[in-house]
1. Report yes if Leu26 is among the aliphatic types (A, V, I, L, M) and at pLDDT 90 or above, otherwise no.
2. Which pairs turn up if I take residues in segment 27-45 that are over 17 Å from Ile5 (Cβ atoms) and look for partners that are open to solvent by 70 Å² or more (accessible area, probe 1.4 Å) with beta carbon separation below 6 Å, at least 6 apart in sequence or on another chain?
3. Considering (1) within 18 Å of Val91 (Cα to Cα); (2) modelled with pLDDT of 85 or more, say which one Ile40 fails and leave the rest.
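The values are calculated or read from the model by the stated rules, or taken from the named source; none is laboratory data. Given the structure is predicted, the values throughout are model-derived calculations rather than measurements. Using ideal geometry, Cβ is built from the backbone for each residue, glycine included, and neighbour counts are taken over all protein chains shown. To get the accessible areas, we keep the full protein, side chains included, count just its heavy atoms, and leave off ligands, DNA and RNA. Shrake-Rupley method; radii C 1.70, N 1.55, O 1.52, S 1.80 Å.
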Amino acid sequence: KSRLILYPAGSSMQLRNYYGATNDQLGQTRACWHPTGAYIYCTSQDLKIFCWAVGSQRVAAQLKGHSGVVRDVGLSPDGRTLVSGSFDKTVRVWRPPA
C-alpha cells in the first residue's frame, strides 16, 4: 500500500498521511477535495477510488466499479457529483460519500 501525504500550502512539513490506496512509483496519483474540506478522494491502481475523512485519517469509503486502473478523479463545485476515468476506457459518475 502507498500513502497520500497532506502538506500545508507553501511548506514542506507533512501534516497527515492517508494509507490504503495502492499506487506504485510509476503511477501518478490524482486526488481532489470535497468542498467542505472534510473529505479527500484519491485514485488507486487496485481499481478503486478511496475516500478519506480528513480529520480522522480513516478510509470513509471505497468506490468500486472500474475494471481498469483509475487514472483521474474530479468533484463538482457543489460536492454532489464525483467523476472518475479509468484505463478500462470508461468514465463513471458517482454520488460521493460525504
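1. Details: among the aliphatic types (A, V, I, L, M): yes; at pLDDT 90 or above: no.
Considered against the rule, which asks whether it is among the aliphatic types (A, V, I, L, M) and at pLDDT 90 or above, Leu26 comes out as no.
2. His34/Ala98
3. Of (1) within 18 Å of Val91 (Cα to Cα); (2) modelled with pLDDT of 85 or more, only one is false for Ile40: (1).
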